[in-house]
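Before any comments, here is the structure.
The values are calculated or read from the model by the stated rules, or taken from the named source; none is laboratory data. All values derive from a computational prediction rather than experimental measurement. No Cβ is skipped: glycine too gets one built from the backbone with ideal geometry, and neighbour counts run over all protein chains shown. Surface areas here come from the heavy atoms of the whole protein model, side chains and all, with no ligands, DNA or RNA. Shrake-Rupley method; radii C 1.70, N 1.55, O 1.52, S 1.80 Å.
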Amino acid sequence: MRHLLSTRDLSRDEAITILDVAEDMADVAEREVRKVPALRGKTVVNLFFEDSTRTRISFEAAAKRLSADVINFSAKGSSVSKGESLKDTAQTLAAIGADAVVIRHGASGAPYVLANSGWIDAAIVNAGDGTHEHPTQALLDAFTIRRRLHGADSRGHDLDGVSVTIVGDILHSRVARSNTWLLSTLGASVTLVAPATLLPIGVENWPVEVRYDLDIALGAKPDVVMMLRIQGERMHAAFFPSAREYSRIWGLDDERLAVLAADSIVMHPGPMNRGLEISAAAADSPRSTVREQVANGVSIRMAVLYLTLSGEGGKQ
Ligand code: CP
């Protein structure tokens, strides 16, 4: 794997390979010394033009567990604030010998520009680009679902027959897009639930069912309920009457939590708006996989860095 830009590009077998390698990486986390020399001598740059907690620190932890050297770059406090371009930033990273660049950017498509520009000959990993994709989030979500269903020995399994309901701000969500492509490739059935104002144009062409009533969607007893963050920072208009109204109609509150099937799980990519799209009881319940998702994110990101930097087709 040369780059990871999108889950739409991944075949079923490629996705399962990443999940299976992540299982091997999760085994490393169980050891007394949680470090292997697989990427010794490689340099990974975390290039973050947008804020992040989970993605940035888990890529850093992943690279360090593989013994890579890690450089963290955030646009705030860098020469980007003086107007430096993405091209000059990329060429600076090339000059210091970056082998992989993990990029988060507010512009959809920025990782594709880096991968195809010729400015830098490094593996490019998309850590979230605008409203487009967040592939490692979808991979860690699939990994979390697979582990809940099949236990730690879930190698080789896809998600055939699993029902996943994704709820909330689909319009602005790169997580929803990456999950839709990946989960359907793995055989899951995906239902989107949102107010019409928070659904993207063209959603009828996605491999999903669309519903507008959360109670009807939850009445179908999905295996997985994935709540999405309301992305206030990307909203430049009123997409719903008020936060209270949104929470009442589309929030996972304590009453809705109670109607879920006994073995269903509740996911959220974080950061959460507690009390808006998800109640504190739902976020902290035994059904919630929020903390597992974060822990699994390290294993997935180890797998992606390993496969892009030392795997077939990677830069040697
Ligand atoms: N889920 C996610 O991408 O979280 P961060 O924005 O904190 O990285």
**OP:** Rank Asn126, His268, Ser178 by how far each Cα sits towards the positive end of the charge dipole of the chain (+1 on Lys, Arg Cβ; -1 on Asp, Glu Cβ) and give me just the farthest.
**Re:** Asn126
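With charges set only on the Cβ (+1 for Lys and Arg, -1 for Asp and Glu), what does the dipole of region 137-290 come to about its Cα centre, in debye to the nearest 20? Present the calculation step by step, with values, prior to reporting the outcome.
Values: 15 positive and 18 negative charges, 66 e Å.
Approximately 320 debye in magnitude.
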Original post:
With θ set to phi - 60° and the Karplus curve 6.51 cos²θ - 1.76 cosθ + 1.60, what are the ³J(HN,Hα) couplings of region 31-43 in order, to the nearest whole Hz, using x for Gly and Pro?
Top reply: 6, 5, 9, 8, 8, 10, x, 3, 10, 4, x, 8, 10
**OP:** Multiply the residue separation of Ala238 and Ala95 by 0.36 nm, subtract the distance between their alpha-carbon atoms, and state the gained length in nm to one decimal.
**Re:** 47.0 nm
Original post:
From the residues Leu252, Ser108, Leu309, which one has its Cα farthest along the dipole of the chain in the positive direction, the dipole being from +1 and -1 charges on Cβ of Lys/Arg and Asp/Glu about the Cα centre?
Top reply: Leu309
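May I ask you to derive the FRET efficiency for Ala295 and Ser108 from their Cβ-Cβ distance with R0 = 30 Å, giving the value to the nearest 0.05?
Numbers: r = 28 Å, r/R0 = 0.95.
Once the sixth-power term is evaluated, E becomes 0.60.
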**OP:** Distance from a point 7 Å along Cα→Cβ of Lys35 to each backbone N in region 269-298: keep the residues under 20 Å and list them by number.
**Re:** 298
Original post:
Separation between the Glu204 and Arg12 pseudo-spin-labels, each 7 Å from Cα along Cα→Cβ, expressed in nm?
Top reply: 2.9
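Which entries in Lys42/Lys76; Lys35/Lys221; Lys64/Lys87; Lys35/Lys82 show an alpha-carbon gap greater than 31 Å?
Numbers: Lys42/Lys76 25 Å; Lys35/Lys221 41 Å; Lys64/Lys87 27 Å; Lys35/Lys82 38 Å.
Exceeds cut-off: Lys35/Lys221; Lys35/Lys82.
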**OP:** For region 7-18, take each phi angle, set θ = phi - 60°, evaluate the Karplus expression 6.51 cos²θ - 1.76 cosθ + 1.60, and give the result in whole Hz per residue in order, putting x for glycine and proline.
**Re:** 8, 5, 7, 7, 7, 4, 5, 5, 5, 5, 4, 4
**OP:** Take the solvent-accessible surface of the protein heavy atoms, probe 1.4 Å, and return the percent of it on the chain that carbon and sulfur atoms account for.
**Re:** 50
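Work through the residues other than Met235 whose Cβ is under 12 Å from its Cβ and net out their charges, Lys, Arg +1 and Asp, Glu -1. Write down the numbers at each step before the final one.
Details: positive: Arg229, Arg234; negative: Asp169, Glu233.
Result for the local shell: 0.
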Subject >> For the chain, with +1 on Lys and Arg beta carbons and -1 on Asp and Glu, the positive-most of Gln293, Ile145, Thr197 along the dipole >> reply: Gln293
**OP:** In whole Hz, with x marking every Gly and Pro, tabulate ³J(HN,Hα) for region 61-71 from phi via Karplus 6.51 cos²θ - 1.76 cosθ + 1.60, θ = phi - 60°.
**Re:** 4, 4, 5, 5, 5, 9, 6, 6, 7, 10, 10
Original post:
With Cβ to Cβ distances under 15 Å as the rule, what net charge do the other residues near Ser247 carry (K, R +1; D, E -1)?
Top reply: -2
**OP:** Taking H placed 1.01 Å from N in the peptide plane, check which residues at least 5 places from Ser52 or on another chain put their amide H under 5 Å from its amide H.
**Re:** none
Original post:
Can you give me the pair-distance distribution of the chain, C-alpha pairs, 10 Å bins, whole percents?
Top reply: 6, 28, 34, 23, 9, 1
Subject >> Å² per residue, accessible surface of the chain at 1.4 Å >> reply: 42
Original post:
Simple spin-label model, 7 Å along Cα-to-Cβ: Asp160 to Ala280 in nm?
Top reply: 4.4
Original post:
What residues qualify as long-range amide H neighbours of Met226, i.e. H under 5 Å apart, gap of 5 or more or another chain, H built at 1.01 Å from N?
Top reply: Thr165, Ile166, Val167, Met267
Original post:
For the pair Lys87 and Thr197, how long in nm is the line joining their label points, each one 7 Å along Cα→Cβ?
Top reply: 4.1
Original post:
Which percent of Cα pairs goes in each bin when the distances of region 137-290 are cut into 10 angstrom slices starting at zero?
Top reply: 11, 45, 36, 8, 1
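What does DSSP give for the chain in terms of the percent of beta bridges that are antiparallel, rounded to the nearest 5?
Values: 1 of 36 bridges.
Expressed as a percentage, antiparallel bridges in the chain total about 5.
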Original post:
What is the Cα centroid distance between region 160-232 and region 104-140, reported in whole angstrom?
Top reply: 22
Original post:
Over what distance in Å are the Cα centres of region 33-90 and region 236-270 separated?
Top reply: 33
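So what are region 46-117's ellipsoid semi-axes, whole angstrom, largest first, if each one is the square root of 5 times an eigenvalue of the alpha-carbon gyration tensor? Show your work: numbers first, answer last.
Working: eigenvalues 74, 42, 31 Å².
Three semi-axes, in Å: 19, 14, 12.
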